[in-house]
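Each remark here refers to the structure printed beneath this line.
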Amino acid sequence: MQSRLLLAVSGGLDSVALTHLCAQLQLNVAIAHCNFSLRSNESDSDEVFVIQLAESLNIEVFTQRFDTLNYAAQNKLSTQMAARELRYNWFQELATALNFDFILTAHHADDQLETFLINFLRGTGLDGLTGIPEINNNIVRPLLPFSREDIETYLKNANVLWREDSSNISTKYLRNKLRHEVVPVLKEINPQLLDSFKSTLSHLNDVADIVDESLNAVAKRAIVNIDDNGISYKVSEFKKVNNPHAYLYHMFKDFGFTAWDDILHLLNAQTGKQVFSETHVLLKNRDVLLLSELKDVVETKVYQITKVPEIIEFPHGKLDISEVEAVDDNSPTAMFIDGAKLQLPLELRKWQHGDYFYPVGMTGKKKVSKYLKDIKLSLVEKDQILVLCSEGDIVCILDYRLDRRFMANQQSSQIIKIELIS
């Protein structure tokens, strides 16, 4: 069965060429055109041109208008980044809703070179120097092997018209400045620049494969556990390699971290030291680094239980409180409490320093902080701990231990079951 292809068509030289090539090959295609409303009548004329192109080739066409400037302001993005985000989000929505197998864009070899130079000038790692991938999930760029000159020659020989975007002439944007002022000089120095560049990209991608292979080997040795709290990495494995800074960078760069010296210092830091990104935290916990996603914090919220039965929902699960006929075996997730010893309303809250309780199976009382330390919870795990209280006294540490003062037995006149459901 032939794949369904969605073509991203602006009306410019490269996308018009891609459209005609797909039509000549009789592929199952449709066109998607974005009107970013950035060039007034010119943007509208581009839209009309693309619609007419689709009609002339008997191809289905989808168009979408965006208020790009407003979107950029709301999301604190540059105009170029806002347009990129809008179009790719829309392309993916179309692909999902209408069952397109692939989205085709018309990036070519000159685009590849410009992107390389932009990343190089801004400072980048190896990933930024390996170029635009020809296939990236469902995004395919079939014209990458060809230069703009190749594409223009094809269209002129076929006597096909295209639209010129007037904004491409301005050197206001870095890409245009490189295109009009830098790349021509480089091509003058080396007329075979694009061929040389393709060779360089090939070598860089070979190196990237070696790096990935080495990273995977270290990750395989370093990762000791993956669970709901995150991923645990052996500190010792990073200390064994010749350049731990590089391995830490490549291992954790996709999680938004930027303070690489601080992360390197975690290897020799005391337990409890943390480094944060906007989305994740990397914690030194004894002999491991624990990578966790930042979650909603429940510490400021107190949940009131005013009646039995009751179900309380909170970010990490729900608590089912009900009356039962008999005591079953207590477990961390299901505890049986003497209802006569409870005083409503009960409170469900995050544990606090200074809290103490009388743990079942132990003598005397124990600080909650000491109990959590003894059972070797990490700081991330401790941050999720909730306690159930009656008139200020802790009834249980949810999901861990019941206070023996409130434990029910078969002689209890009212037996309350507290069950945690993840």
Quick check, is A97 over 28 Å from D195 (Cβ atoms), in a helix (DSSP H, G or I) and either out of contact with any helix residue (DSSP H, G or I) (no Cβ under 8 Å at 6 or more places or on another chain) or open to solvent by less than 40 Å² (accessible area, probe 1.4 Å) (or both)?
yes
Sole miss for S331 among (1) under 29 Å from L291 (Cα atoms); (2) open to solvent by 50 Å² or more (accessible area, probe 1.4 Å) is condition (2)
Show the residue pairs that are 6+ apart or on different chains and have beta-carbon atoms under 9 Å apart, the first residue being within the range 265-283 and open to solvent by 20 Å² or more (accessible area, probe 1.4 Å), the second being of a type in the set (A, V, I, L, M) and in a loop (DSSP other than H, G, I, E, B).
F276/A259; F276/L294; E278/L294; T279/L294; H280/L294
For the subset of the range 162-184 comprising residues that are free of Cβ contacts under 8 Å to residues at least 40 places away in the same chain and open to solvent by 70 Å² or more (accessible area, probe 1.4 Å), which member is nearest to L6 (Cα to Cα)?
I169
Look at N216 and say whether it is under 20 Å from I263 (Cα atoms) and in a helix (DSSP H, G or I).
yes
Of the residues that make up the range 316-339, is at least one among the polar types (S, T, N, Q) and in contact with a helix residue (DSSP H, G or I) (Cβ under 6 Å, 6 or more places away or on another chain)?
no
Does V297 count as within 33 Å of the chain's Cα centre (by Cα), at pLDDT 90 or above and within 30 Å of K234 (Cα to Cα)?
no
Members of the range 300-318 found to be among the hydrophobic types (A, V, I, L, M, F, W, C) and modelled with pLDDT under 90, listed by number:
V302, I312, F314
Would you confirm whether any residue within the range 244-253 is touching a strand residue (DSSP E or B) at 6+ places or on another chain (Cβ under 8 Å), of a type outside the set (D, E, K, R) and buried (at least 16 other Cβ atoms within 10 Å of the Cβ)?
yes
Quick one: V241 ticks every box in (1) surrounded by 12 or more Cβ atoms within 10 Å (Cβ to Cβ); (2) closer than 27 Å to L372 by Cα; (3) more than 18 Å from the chain's Cα centre (by Cα) except a single one, so which number is it?
(2)
Which condition number in (1) closer than 30 Å to L201 by Cβ; (2) of a type in the set (S, T, N, Q); (3) not in a helix (DSSP H, G or I) is the one that Q92 fails?
(3)
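The values are calculated or read from the model by the stated rules, or taken from the named source; none is laboratory data. Being a predicted model, the structure only gives us computed values, none of them experimental. Don't worry about glycine lacking a Cβ; one is built from the backbone with ideal geometry, like all the others, and counts go over all protein chains shown. Each accessible area value is taken on the protein alone, full model and side chains, heavy atoms only, with ligands, DNA and RNA left out. Shrake-Rupley method; radii C 1.70, N 1.55, O 1.52, S 1.80 Å.
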